[in-house]
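S.K.: Please find one structure pasted underneath; my questions will follow.
The values are calculated or read from the model by the stated rules, or taken from the named source; none is laboratory data. Everything numeric in this text was worked out from a predicted model, so none of it was measured. Heads up, the Cβs are rebuilt from the backbone with ideal geometry, glycines too, and the neighbour counts pull from every protein chain shown. These accessible areas exclude ligands, DNA and RNA; they are computed on the full protein's heavy atoms, side chains included. Shrake-Rupley method; radii C 1.70, N 1.55, O 1.52, S 1.80 Å.
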Amino acid sequence: MNAKQAKYPQLRFKGFTDPWEKRTLGQTTTKAKSYSVSRDVERDHETGYRYIHYGDIHTGVADIVTEHTKLPNIEPANYDELRVNDLVVADASEDYQGIAEPAVVVGLPTQHLVAGLHTIALRPSSASSLYLYYLLHTESFKHFGYQTGTGLKVFGISWSNLSKFTFMIPSRPEQEKIVKLIESVDNLTSDNQRKLAKLKELKQGYLQKLFPKNGSKFPQLRFTGFADAWEERKLGDVAPLRGGFAFKSSEFRNTGVPIVRISNILSSGEVGGAFAYYDEQDKDDKYILPDKSAVLAMSGATTGKVSILSQTSHDKVYQNQRVGYFQSVDCIDYDFISTIVRSELFMMQLESVLVSGAQPNVSSKEIDSFDFMIPKLVQEQQKIGSFFKQLDDTITLHQRKLEKLQELKKGYLQKMFC
């Protein structure tokens, strides 16, 4: 940061008006000795010593470290044991975004704790530990890491450079206020992540029990009133896959009819992202996508991914080439189809026909040949389809809430720090 750095944040709590002061990490922390040992010295038996490896930080194993944190054992050696409120940052990463990604010790495990390979241990002396922890998540610090880090295949940063990071800092009471607010968002985010994980686990459990397996014609769990055997059907008979149209990229527009391309089939199970647009065409019924369409990526890195289209403000949506649309068929419930093509039952068959290489791909003919057990009565299909649709809607609701919380935290990090 330069000398013209603002002394006041964009967003501030009431009652605080004093200008912030300029500091460096070297002025607000001291460096503790890390134990630079590789993973090959880990022991399976309990040694009473645990350490934070830079990989633990990048993967989130070590983040806010408490007595419940699971970390690998090491043999005793010369080091500085970590204390409550110490910070541990990763001094190496595959890209600059991970440079000095931090973990903070807020409650020591029963065992002794040490900073390990490719880490820098910081002991705050005149600042809140958690305030510094959140400071190291700001865009201004990432920019500093990009400018200061070195290396090609592996990006690294030294303590001598890290200690020069300059920032503005408020009084201790204001630091605590900022920390408390962002912590509350983190806690809500963690709660929502746990709920989301449980919902996804619940869905997987129901998928196993509400569909027959191992050649059976009857599912393990069933809705009341249904007892008939299920029948094996080709996917092409109940939801034939339709290919898209080869729209010319040179004629893409910023407005018009949105086109669903492979890149719009998201890992979240939704159709979204940046759309290309096209002028409305005559006789376009063969590549219009209805609302709630289940669409398949037929080539590229996401081959086999199925997402659901939810139209909002557009009267029409077009289907691009290499995007497959599972068509609706009379006497087959579409929510039921949307469920099976996003299940492990579909993925297992996909793996058997997937053409790998530089450009993985599948064909409509291959997808149509997949076999599934289907309830004979459409009423049972509807019960199952409706059940999973409600479950998917709940998962989507929590996913969007999680994204909003993540954006909220990002906004606070941007506006509450100078």
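S.K.: Tell me the relative contact order for the stretch 137-236 as a rounded percent, counting alpha carbon contacts under 8 Å between residues six or more apart.
M.R.: Here the relative contact order equals 10 percent.
S.K.: Over the heavy atoms of residue 79, what accessible area does a 1.4 Å probe trace out, to the nearest 10 Å²?
M.R.: Estimated to the nearest 10 Å², residue 79 gives 40 Å².
S.K.: Let me ask something else about it. For the stretch 270-368, take the convex hull of the Cα atoms, compute a quarter of its surface area, and give me that in nm², please.
M.R.: Averaged projected area of the stretch 270-368's Cα convex hull equals 7.5 nm².
S.K.: Where a Cα-Cα gap under 17 Å defines reach, which aspartates and glutamates qualify for residue 22, not counting those fewer than 8 residues away within the same chain?
M.R.: 174
S.K.: Please report, in debye to the nearest 20, how large the charge dipole of the stretch 290-416 is about its Cα centre when each Lys and Arg carries +1 at its beta carbon and each Asp and Glu carries -1 there.
M.R.: 700
S.K.: Still on this model: Between 0 and 90 degrees, rounded to the nearest ten: what's the tilt of helix 139-148 against the longest Cα principal axis of the chain?
M.R.: The answer is roughly 70 degrees.
S.K.: Here's something else I'd like to know. Mind listing the phi-derived Karplus ³J(HN,Hα) values for the stretch 288-304, rounded to whole Hz, using 6.51, -1.76 and 1.60 with θ = phi - 60°, and x for any glycine or proline?
M.R.: 7, 9, x, 4, 6, 5, 8, 10, 10, 7, 9, 7, x, 5, 9, 3, x
S.K.: With each pseudo-label sitting 7 Å past Cα toward Cβ, what's the residue 201-residue 371 distance in nm, one decimal?
M.R.: My value for the distance between the label points is 3.4 nm.
S.K.: Once the Cα atoms of the chain are picked out, what are the Rg and Dmax in Å?
M.R.: Radius of gyration, then largest Cα-Cα span, for the chain: 27.0, 77 Å.
S.K.: Please give the charge dipole size of the stretch 130-249, origin at the Cα centre, charges +1 on K and R Cβ atoms and -1 on D and E Cβ atoms. Round to the nearest 20 debye.
M.R.: Dipole of the stretch 130-249, to the nearest 20 debye: 340 debye.
S.K.: Defining a contact as two alpha carbons under 8 Å apart and six or more residues distant in sequence, what relative contact order in percent does the stretch 319-418 show?
M.R.: Rounded, it is 33 percent for the stretch 319-418.
S.K.: With each label point set 7 Å from Cα along the Cα-Cβ vector, what nm distance links residue 315 and residue 59?
M.R.: Each label point lies 7 Å from its Cα, and together they span 5.3 nm.
S.K.: Given 8, 262, 373, which one lies farthest toward the positive end of the charge dipole of the chain, if we put +1 on the Cβ of every Lys and Arg and -1 on the Cβ of every Asp and Glu?
M.R.: Of the listed residues, the answer is 8.
S.K.: Also, quick follow-up: Which whole-number percentage describes the relative contact order of the chain, with Cα contacts under 8 Å and a sequence gap of 6 or more?
M.R.: 17
S.K.: So if R0 is 60 Å, what FRET efficiency would residue 231 and residue 125 give, r being the distance between their Cβ atoms, rounded to the nearest 0.05?
M.R.: 0.25
S.K.: Which residue, 286, 31, 195, tops the fluctuation ranking in a GNM of the chain built on C-alpha contacts under 10 Å?
M.R.: For the chain, modelled as a Gaussian network with Cα springs under 10 Å, the answer is 286.
S.K.: Leaving out same-chain residues fewer than 8 places away, which lysines sit with a Cα under 17 Å from that of residue 316?
M.R.: Partners within reach: 283, 286, 292.
S.K.: Additional query: Using only the heavy atoms of the protein chains and a 1.4 Å probe, how would 416, 348 rank by accessible area, largest first?
M.R.: 348, 416
S.K.: Determine which aspartates and glutamates satisfy two conditions relative to residue 383: a Cα distance under 16 Å, and not lying fewer than 8 residues away in the same chain.
M.R.: Within reach: 228, 333, 335, 392, 393.
S.K.: Applying a 10 Å radius around every beta-carbon, put 56-64, 226-234, 202-210, 320-328 in order of their mean neighbour count, most first.
M.R.: Descending mean neighbour count gives 320-328, 56-64, 202-210, 226-234.
S.K.: Also, quick follow-up: Based on Cβ point charges of +1 for Lys and Arg and -1 for Asp and Glu, what charge dipole magnitude is obtained for the chain about its Cα centre, in debye rounded to the nearest 20?
M.R.: For the chain, the charge dipole is close to 1000 debye.
S.K.: Let me ask something else about it. Would the stretch 157-197 count as rounded, prolate or oblate if I go by the C-alpha gyration tensor, calling it rounded below 1.5 in a/c and otherwise prolate when a/b exceeds b/c, oblate otherwise?
M.R.: Judged from the Cα gyration tensor, the stretch 157-197 comes out oblate (a/c at least 1.5, b/c at or above a/b).
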